[in-house]
Amino acid sequence: MSFKKLSPQIRATRSRIVARSAADKDTSKRVLRRALERGWTVRKSTGRDSWERETDGTVLGAPLESARETLVGFYRPDEAAAFELWTTARKQRPAVMILFAEGRKKGNPVWLGMRYDGTLVDKLPEVPKAARVAMRSAGEL
C-alpha cells in the first residue's frame, strides 16, 4: 500500500511515531526494549493457545497486546496500536522477536529486535529476511 493512499489519520499516526522516536531516541529504545521483554515474558509463560504466530511470523494475542500496553506512556495509544510483533518459529535458533511500526514511507520503520537471551538486535543485517519483508509490508493500522 502506498503511503499516499493511506487515510490522513493513519499517515499522521505513522508520522508521529517517527517524529517521537527521533526526538528522544534513548527513551524510545528503552521503551521498545521493555515492550520486547514483556512480549518475550508473556510468550514464554503462556500456553500456545494464548498467542498465535502466523506463518509469516506475525505474532497476535497476549504477547502483542502486552507489548503494546508497555508502549503507552511514551507513545500515544493510537501510536502503540500501530506496532506489530514478529518472531521466528519456536524451533529456530537463535530465536528473535522484532517490534516495529511502519514509518512515514515503506522501508522506514521504527523497530527494535531482541533475541531469546535478551540481547538486542538493532542492525538491519542481523534481522532475519522474513522479518525485513514483514516490516516493509506492514498492514494498515
Within segment 39-58, of all residues that are at pLDDT 65 or above and crowded, with 19+ Cβ neighbours inside 10 Å, the one nearest to the chain's Cα centre (by Cα) is Gly39
Among residues of segment 66-86 being modelled with pLDDT of 95 or more and in a strand (DSSP E or B), the residue surrounded by the fewest Cβ atoms within 10 Å (Cβ to Cβ) is Val72
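Taking the condition at pLDDT below 85, part of a helix (DSSP H, G or I) and buried (at least 18 other Cβ atoms within 10 Å of the Cβ), does Arg14 pass?
On the way: at pLDDT below 85: no; part of a helix (DSSP H, G or I): yes; buried (at least 18 other Cβ atoms within 10 Å of the Cβ): yes.
No, not satisfied.
The values are calculated or read from the model by the stated rules, or taken from the named source; none is laboratory data. For clarity, every value in this text was computed on a predicted model and none was experimentally measured. Reconstructed Cβ throughout: ideal geometry from the backbone, glycine too, with neighbour counts over all protein chains shown.
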